[in-house]
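The values are calculated or read from the model by the stated rules, or taken from the named source; none is laboratory data. Because the structure is a prediction, the values reported are computed rather than measured. Reconstructed Cβ throughout: ideal geometry from the backbone, glycine too, with neighbour counts over all protein chains shown. Calculation scope for accessible area: heavy atoms of the full protein, side chains included, ligands and nucleic acids excluded. Shrake-Rupley method; radii C 1.70, N 1.55, O 1.52, S 1.80 Å.
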Amino acid sequence: MLVIAPHSSYRTTAFLDAADLLGVDVLFASEGKYSVVSAYADGLHIDLKDTEGAIQTILREAARCPFSGVVGTDDATTELAARVARELGLPHNPSAAVKIARRKDLARKRLAEKGVPVPHHHLIDLRQSLTAQAEAVRFPCVLKPLTLSASRGVIRTNDIDQFLRACSRIGQLLNTEEVEERNRILAEDFISGSEVAVEGMLRGGELDVLAIFDKPDPLEGPYFEETYYVTPSQLDEATQTEIRQRVNDACDAYGLREGPIHAECRINDDGVWILEVAARTIGGLCGRLFRFGTGYSLEELVLAHATVSPLLRPAARPGGAGVLMIPTPAAGILRRVEGVLAAQNVRFIEEVSILVREGYQLVPWPEGSGYLGFVFAHAPTPQQAEAALRQAHAKLNFIVAPLWKLDQSPGDAVSATG
Ligand code: ADP
């Protein structure tokens, strides 16, 4: 199995573990020539910025040692994975469909063309007069980069002043990122209501919804850092059916046919709205949650699907499961994390996994991207799982030192700014 991953992907360990459990041989293709992570260092070295070169490198390797499937772990690699799989005659999504799923402007356009409801939206060009462009905006409005993920750079604005400040802030963020579009962003109506995440698996265009996660904390902005996910969903059956149908409509509209999808939807009196459907799994370590529900991690299900082996049959297990993506408490340098044992000892908590180590810088949303860690719960009911996560979170205490930057302009004395 070939797994194509950016060198900093969170998902690598999850795919390695899954391959181990299934007895599948995996080769990682990544940019990790000098990586200390052996999966990258010993894997196939490619340059993700040179798609054609990367495809040739992979095809040469495939001629030497054929692959039975190809998986792209993150947004940065799903298009490449689709193209490689097509060349090798393996199940794949059309690369145009993967591109639409990755680009928020193209996704909105396609959904609208296919009659799937979308909020009022349009592109903002950061190089043009923003005051003039703001005239077409209806407040509250959500501004977002076209290709980042994990809610990075997504900002709600309620008036023109906030709109202007947010545009400049997103522009600064995009200038520091390797993105294909740094001059244009999307502005769309804020959709009120509750939010769910949906994980599904496509096979030959048929969508199998694996889980619907409720997000019990309201996501009202101005920033949209994720926190709690709880499953099974407590929404009524009719709403869940509408969610499945809407996500299915979006996959059809984009042209997605194979492999995992991760969708986010909002629900209000007007029905179910697609925020996004990405052609990949959920981020972080969240795939582990599926073990509690199905007996398999999400990554095991993905590998099994990609090997075209008989699909693993997830067994529905009773009970509720949840994850807390630990929010960043403040900007600064992480000094230490207290209360991990106490959090671990909360009833129904399965695991507390702190990923950021002492001395590392914490950057809150909307510029930040990394979660401090994850807490997993499994309980007889979803409500108990959520309560356990909240209790565990309350026991964690993050000691963060302020960050002092030394600015030195030529000829100036050194000055410290906090
Ligand atoms: P990303 O791909 O970076 O996660 P999304 O478009 O999915 O970007 O937006 C991230 C989050 O921002 C969503 O999960 C949601 O909470 C919020 N959001 C995005 N667009 C809207 C909108 N139009 N109305 C309300 N909330 C939104």
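Of note, GLY53 satisfies the criterion of being over 18 Å from ALA19 (Cβ atoms), surrounded by fewer than 19 Cβ atoms within 10 Å (Cβ to Cβ), more than 18 Å from the chain's Cα centre (by Cα) and modelled with pLDDT of 95 or more. Within the stretch 153-188, the set of residues being at pLDDT 95 or above, assigned to a loop (DSSP other than H, G, I, E, B) and out of contact with any Lys or Arg (no Cβ under 6 Å at 6 or more places or on another chain) comprises GLY153, ASN158, ASP159.
Residue count for the stretch 152-180 satisfying the condition of being within 14 Å of the ligand (Cβ to nearest atom) and open to solvent by 30 Å² or more (accessible area, probe 1.4 Å): 4. Inspect all residues belonging to the stretch 364-379 and state whether any of them is of a type outside the set (Val, Ile, Thr), exposed (fewer than 14 other Cβ atoms within 10 Å of the Cβ) and farther than 30 Å from ILE170 by Cα. Checked the stretch 364-379: no residue is of a type outside the set (Val, Ile, Thr), exposed (fewer than 14 other Cβ atoms within 10 Å of the Cβ) and farther than 30 Å from ILE170 by Cα.
Annotation: of all residues in the stretch 204-216 being surrounded by fewer than 16 Cβ atoms within 10 Å (Cβ to Cβ) and of a type in the set (D, E, K, R), the one that is nearest to the ligand (Cβ to nearest atom) is ASP208. Among the residues of the stretch 352-369, at least one is at pLDDT below 95 and touching an Asp or Glu at 6+ places or on another chain (Cβ under 6 Å). Kindly establish whether GLY271 is within 15 Å of the ligand (Cβ to nearest atom) and within 11 Å of the chain's Cα centre (by Cα). It is false that GLY271 is within 15 Å of the ligand (Cβ to nearest atom) and within 11 Å of the chain's Cα centre (by Cα). For the stretch 99-132, a tally of residues being assigned to a helix (DSSP H, G or I), away from the ligand (no atom under 14 Å from the Cβ) and open to solvent by less than 40 Å² (accessible area, probe 1.4 Å) returns 1. Every residue in the stretch 185-203 that is within 7 Å of the ligand (Cβ to nearest atom) and either among the β-branched types (Val, Ile, Thr) or in contact with a Leu (Cβ under 8 Å, 6 or more places away or on another chain) (or both), please. Correct list: ILE191, GLU195.
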